[in-house]
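Working notes, beginning with the structure itself.
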Amino acid sequence: MQSDKLLEKKLGGEFTVEGEWWLPRPPNLTESEFKRFGTLTFDPDNSNGISLDVAGWLEPDIESYYELGKQFTEGRFGDRRNVIWGSTTESELISLFGCYMQGHKADILPVSTYHAHLLFASNRVWLNTDELKFETLNVTYSHLHDWVGKSALHTSSFDPKKEQTVSLDKTHLITSAEVGDYVISIGIGAYASFSGSPPTTAEFRQNTCFHVKQKDGEMISCPELFRLQSGINNFLSLTSNEPIFPLTIDVTAPVEGEQPATARVLFEPVRTSPKKTSSGRHMLFTYNSVANIFENALQKVIEDENMQPLYNQFFAEFRNPSTFVEDRFMAIIRAIEVFHRRVFDQGYYVPEDEYKDGLRKDLEEVVNDADIGTNFRKSLCKKLEYGYEY
């Protein structure tokens, strides 16, 4: 079965791709003789996530299905499947990270199932996440067009009875901000695709994305990729007042002696489904509203380590709200408490040292001398521990 290219897939979108799969083994990592045909699938409605079914097994030193089952049961595979490589029928090279065997079954032919947390589709493969270094990141988000509110498509007339011409802006940056060690920009552009010979159908689309690179030309590591993506995501969600999610993450990586490699990152996003339609008029603050504070706002959301616990607390519930209103209320209250503690420097009646060396000792002495049960005494002393705080 012919499959669509993963380089054109969106995050969280269902896909099926066929090809050959193998474990990288020295000395010729990409020319393994022990390759197995298999199918890679992702179903966003299935908890299995990114799943790979291969005919037989990937371990060259396993000689029988019985031995495979025994080692799987005994958990003796270790970390050998941290990465799996593949070559699809679309001639794409795939690097799967965070892999482990999920199960196996004996049918007409034995089939092994592997699970992966992270997928890189590219024109090359990587051995581990430590070697993943990127020159640039390009990330698109849900409803980003509406938030930006600018068009790269221009038509001479909206009257269907008149002859029309359409002009497309080439990709360009509308703003840039220095955020820590990075330059984060918003880029927009448009492209056209045609079908038929001669062409009978034309489709015009705008592309709007966040573009990220290091200020000093250094590479961006894999953990930094996810930190930056998450920070931009939080910023957009705050201004839009609705959960915003990444749709695509494309990266460029240097390859010695060759042109830089381009890759698309796919993974299992933990999320609720975004609204299918949105409009700038329903958002709290569109780009035009925050253009004059864009750089400072991004700095606060992405680089302010003091506020990260607040963002983690708030967005955990914001993106995946509980079905119970009581849980949602308590999540907001906890976020407000974290915000208060992070914003106000003096959150106490008296300094901690003064309290612990003075009043707390006097109060604990009264509690310890009281004729009460042990558990009650422990409970009161525990409450006194933080009695100096608001």
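Rule-based calculations on the coordinates, nothing more; no lab input. Predicted model only: the values in this text are computed from it and were never measured. Here Cβ is always computed from backbone atoms with ideal geometry, including for glycine, and neighbour counts include all displayed protein chains.
Before anything else, pin down the relative contact order of segment 273-371: Cα pairs under 8 Å, at least 6 apart, normalised by residue count, whole percent. Each step should come with its number before you reach the end.
Working: 21 pairs, mean separation 18.8, N = 99.
Over segment 273-371, the number comes to 19 percent.
Model label sites at Ile332 and Lys10, defined 7 Å from Cα along the beta-carbon direction, differ in position by 2.9 nm. For segment 132-291, a simple Cβ point-charge model (Lys and Arg +1, Asp and Glu -1, everything else neutral) yields a dipole of about 620 debye relative to the Cα centre. Can you give the angle from 0 to 90° between the axis of helix 325-343 and the longest principal axis of the chain, with both taken from C-alpha atoms, to the nearest 10? That helix lies at roughly 70 degrees to the long axis. Stretching the chain fully between Val166 and His282 yields a gain of 38.9 nm (0.36 nm per residue, less the alpha carbon separation).
Ranked for footprinting exposure by Cβ neighbours inside 10 Å, fewest first, Ser112, Ser237 give Ser237, Ser112. A straight chain from Ala370 to Asn207 at 0.36 nm per residue would run longer than the Cα-Cα distance by 51.5 nm.
Averaging sequence separations of C-alpha pairs under 8 Å and six or more residues apart, then dividing by the length of the chain, give the relative contact order as a whole percent.
Values: 667 pairs, mean separation 54.4, N = 390.
Here the relative contact order equals 14 percent.
What residue among Asn375, Asn320, Asn233 shows peak mean-square fluctuation when the chain is described by a Gaussian network model with Cα springs under 10 Å? Ranking Asn375, Asn320, Asn233 by mean-square fluctuation puts Asn375 first. Note on Ser151 and Phe34: their simple-model spin labels are 5.9 nm apart, each label 7 Å out from Cα toward Cβ.
Give the calculated FRET efficiency between Gln259 and Asp216 to the nearest 0.05, with a Förster radius of 25 Å applied to their Cβ-Cβ distance.
Between Gln259 and Asp216 the formula returns 0.65.
FRET efficiency for the Thr175 to Glu305 pair, using the beta carbon distance and R₀ = 22 Å, is estimated at 0.35.
Listed by chain and number, the lysines placed with their C-alpha closer than 25 angstrom to that of Lys382 are Lys356, Lys361; residues fewer than eight positions away on the same chain are left out.
Among rounded, prolate and oblate, which fits segment 86-233 when a ≥ b ≥ c are the square roots of the eigenvalues of its C-alpha gyration tensor, a/c under 1.5 means rounded, and a/b larger than b/c means prolate? Oblate.
Rounded to the nearest 10 degrees, the inclination of helix 374-384 to the longest alpha-carbon principal axis of the chain is 80 degrees. Per-residue Karplus couplings for segment 356-365, computed as 6.51 cos²θ - 1.76 cosθ + 1.60 with θ equal to phi - 60°, are listed in order as 5, 8, x, 4, 4, 4, 5, 5, 5, 5 Hz, Gly and Pro entered as x. Charge dipole (Cα centre; +1 on Lys/Arg Cβ, -1 on Asp/Glu Cβ; no other charges) of the chain amounts to roughly 1120 debye. Estimated purely from DSSP H runs of n ≥ 4, each contributing -39500 (n - 2.57), the mean residue ellipticity at 222 nm for the chain is -8000 deg cm²/dmol once divided by its residues.
Take peptides 5-11, 206-212 and line them up by average Cβ neighbours within 10 Å, highest first, as a rough protection proxy.
Result, highest mean Cβ count within 10 Å first: 206-212, 5-11.
Charged side chains reduced to their Cβ positions (Lys and Arg at +1, Asp and Glu at -1) give segment 243-390 a dipole of some 980 debye around its Cα centre.
Here the Karplus curve 6.51 cos²θ - 1.76 cosθ + 1.60, taken at θ = phi - 60°, turns the phi angles of segment 237-250 into couplings of 5, 5, 6, 8, 6, 7, x, 10, 10, x, 9, 9, 10, 10 Hz, with x standing for Gly and Pro.
Across the options Thr171, Val111, Gln259, the greatest Cα extent toward the positive end of the charge dipole of the chain (unit charges at beta carbon of Lys, Arg, Asp, Glu) belongs to Thr171. Once the Cβ-Cβ distance of His340 and Leu363 is raised to the sixth power relative to R0 = 25 Å, the FRET efficiency obtained is 0.50.
Report the extension gain between Asn296 and Leu109 in nm, rounded to one decimal, defined as 0.36 nm multiplied by the number of residues separating them, less their alpha carbon distance.
61.4 nm is the gain from fully extending Asn296 to Leu109.
For the chain, the square roots a ≥ b ≥ c of the C-alpha gyration tensor eigenvalues yield an a/c of 1.5 or more together with a/b not exceeding b/c, which makes the shape oblate. If a/c stays under 1.5 just call it rounded; otherwise compare a/b with b/c (prolate if a/b is bigger, oblate if not). Do that for segment 332-390, with a ≥ b ≥ c from the square roots of the Cα gyration tensor eigenvalues. Verdict is oblate for segment 332-390. Bridging of Lys150 to lysines at a Cα separation below 28 Å is possible for Lys9, Lys10, Lys161, Lys162, Lys170, Lys213, Lys215, Lys275, Lys276, Lys300, once same-chain residues fewer than 8 apart are set aside.
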